[in-house]
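The block underneath contains the structure these notes are about, expressed in structure tokens.
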Amino acid sequence: MNKLLNLNLWRGYLAVALFAMAALSCTNHTKPNKETIAKKPNVVIILADDLGWGDVGFNGCTDIPTPNLDALASDGVIFTSGYASHSYCGPSRSGLLTGKYQARFGCGNNLSKDLDGPQGLPTNETFISNVLKEDGYNTCAIGKWHLGDSIQFWPTQRGFDDWYGFTGGARNYWGQSWDKKSLPWHLIRRNGEPVPLEEQGYLTDDFTNEAINYIDDYTKSDKPFFMYLAYNAPHAPIQATKEYLNKTEHIENGKRAAYGGLVVGMDEGIGKVIAKLKEAGEYENTLFFFYSDNGGHGSGTRQEPYRGRKGNLFEGGIRVPFLMTWPAGLKGGKQYHKPIVAYDIFTTILGATQINYSKSADLDGTNLLPYVKGKVNNEPHDKIFWRYSDGLGYAVRKGDYKLVKEEVRQELFLFNMKTDSLEQFNLAAAMPEKLNELKADYTEWNKGNINNLWPDAHPEHVYKEKAIRERAIKAACGGENKKPNQY
């Protein structure tokens, strides 16, 4: 009898324990609880490609709908003076993922298709993915890479457990390659293996679906994850589905409407990724960054009110849509107006995850969390530098002033960014001492840099743009000194 009683008691205890375990398992991936929020945050970097400053609603865009990005921004902090680390694609990504000025390790220009032998970001440089993986994170890279095509430079060799995307700088959105020479750059690969064309659709949707599937797989693990979701939208070629183009059919300018379709596709994809994170109970404890690798490419993009575009160092080439959101760790609904730069993402991730990185002193970024929380009131950076083509063009932002050497204009510019953020009034002649001060700052900083590891194709584009500009100006004033009978 006692044995039976003991057995029944044991069964009762077991039932209670199993019920408790079942109840716990039901809540693990529904909504965040105290235990979920207490663990290290997931980290998601979403990168747009050639997106103009004025092409998102949270920066005032009214014609291209970006409701999902706008909602993400309202939950976080909008950086109104957020800068890319470079004015074009590959170097910008080098700075982002290493947290360092890319000129320090020779990656200040895009890879060249015309050179034999391997090219890529030096393998002795540490990526944020390396650091997070070593700390126990699951890591994945999805989308455009543009940091090396040979195997030793692939994401799977740079701290990413999983990879879906292509290694080049641009590609067709419908799975077609432009030419045989570029084929390796354009192949869609999953962990290095080519993905058959029949398994591909519209590229932006493919990247979104891959991210959603990864989140589904992640919920089976107790480890936090890091996702680098690098859309190649809205980079050329300008290709979008009819579904997305229907959302921009009210735009009369054809180039703007077509370009807007790419932005809509990316925004809707981001909305699906966020919805999946909410469904999995992971949204609250995910640290998001969204920004563009550089300014808009000019075909339907809008950098206004800023001067310039992708490829130059006026504000339109480097000031980009930029936000940070972390619902569990950061109060939303804010704007931060002091200059910050993409290098800060690496250092801010270290702060949020409380990782003690042994090489943190070698980074060029700043942990932004104390600044956006109002605990630190000074400027995140005393100076910010940019350089392309080994100094053919460069810029310095120091306090209220900005120095620009832009090859497309072949002159030095000095602007007071506090009173002239649109860069309309050149103070170089009026303030020679300030001009020389910033030139000396650049010269001193540049001593720690090296020449680029491969030739830069960018000057060709600069000179072409310069020639087009000069022809237009000359044509506009060509009749000024002619007599009436000469027309």
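The values are calculated or read from the model by the stated rules, or taken from the named source; none is laboratory data. The model shown is predicted, which means the values in this text are computed figures rather than measured ones. We place every Cβ from the backbone using ideal geometry, glycine too, and count neighbours over all the protein chains shown.
All of (1) loosely packed, with under 15 Cβ neighbours inside 10 Å; (2) closer than 24 Å to residue 148 by Cβ hold for residue 253 with one exception: (2).
Where in segment 258-364 are the strands (runs of 3 or more DSSP E), entirely inside, with at least 1 residues that are buried (at least 24 other Cβ atoms within 10 Å of the Cβ) and of a type outside the set (A, V, I, L, M, F, W, C)? First the steps, then the outcome.
On the way: elements: 286-292, 322-325, 334-336.
So the answer is 286-292.
Scanning segment 216-225 for residues that are in contact (Cβ under 8 Å) with a residue 40 or more places away in the chain and of a type in the set (Lys, Arg) gives a single hit, 223.
Annotation note: Cβ proximity below 6 Å between a residue of segment 280-308 that is in contact (Cβ under 8 Å) with a residue 40 or more places away in the chain and a residue that is basic (Lys, Arg) and outside any loop (DSSP other than H, G, I, E, B) (sequence gap 6+ or interchain) occurs for 299/255; 300/255; 300/256; 306/319.
Return the total of residues in segment 213-234 being part of a loop (DSSP other than H, G, I, E, B) and surrounded by fewer than 23 Cβ atoms within 10 Å (Cβ to Cβ). Walk me through it before giving the result.
Looking only at segment 213-234, we keep the residues that are part of a loop (DSSP other than H, G, I, E, B), and these are 219-224, 231-234.
Among the residues that remain, those that are also surrounded by fewer than 23 Cβ atoms within 10 Å (Cβ to Cβ) are: 219-224.
Result for segment 213-234: 6.
Does any residue of segment 436-443 turn out to be touching a strand residue (DSSP E or B) at 6+ places or on another chain (Cβ under 8 Å) and assigned to a loop (DSSP other than H, G, I, E, B)? Taking every residue of segment 436-443 in turn, none turns out to be touching a strand residue (DSSP E or B) at 6+ places or on another chain (Cβ under 8 Å) and assigned to a loop (DSSP other than H, G, I, E, B).
Residue count for segment 291-315, restricted to those that are in contact with a Leu (Cβ under 8 Å, 6 or more places away or on another chain) and farther than 16 Å from residue 397 by Cβ: 6.
Does segment 436-455 contain at least one residue that is without any contact (Cβ under 8 Å) to a residue 24 or more places away in the chain, within 16 Å of residue 314 (Cβ to Cβ), outside the structural domain of residue 105 (by TED's automatic domain parsing) and exposed (fewer than 14 other Cβ atoms within 10 Å of the Cβ)? Scanning segment 436-455 turns up no residue that is without any contact (Cβ under 8 Å) to a residue 24 or more places away in the chain, within 16 Å of residue 314 (Cβ to Cβ), outside the structural domain of residue 105 (by TED's automatic domain parsing) and exposed (fewer than 14 other Cβ atoms within 10 Å of the Cβ).
Would you call residue 416 buried (at least 16 other Cβ atoms within 10 Å of the Cβ), of a type in the set (S, T, N, Q) and either modelled with pLDDT of 95 or more or more than 23 Å from the chain's Cα centre (by Cα) (or both)? So residue 416 passes the test. Within segment 204-215, residues that are assigned by TED's automatic domain parsing to the domain that holds residue 244 reach partners that are part of a helix (DSSP H, G or I) and of a type in the set (Val, Ile, Thr) with beta carbons closer than 7 Å, at six or more positions or on different chains, in the pairs 208/273; 211/273; 212/273.
When each of 201, 260, 298, 269 is tested for being farther than 24 Å from residue 388 by Cβ, touching a Lys or Arg at 6+ places or on another chain (Cβ under 9 Å), small (Gly, Ala, Ser) and in the same structural domain as residue 133 (by TED's automatic domain parsing), the lone residue that passes is 260.
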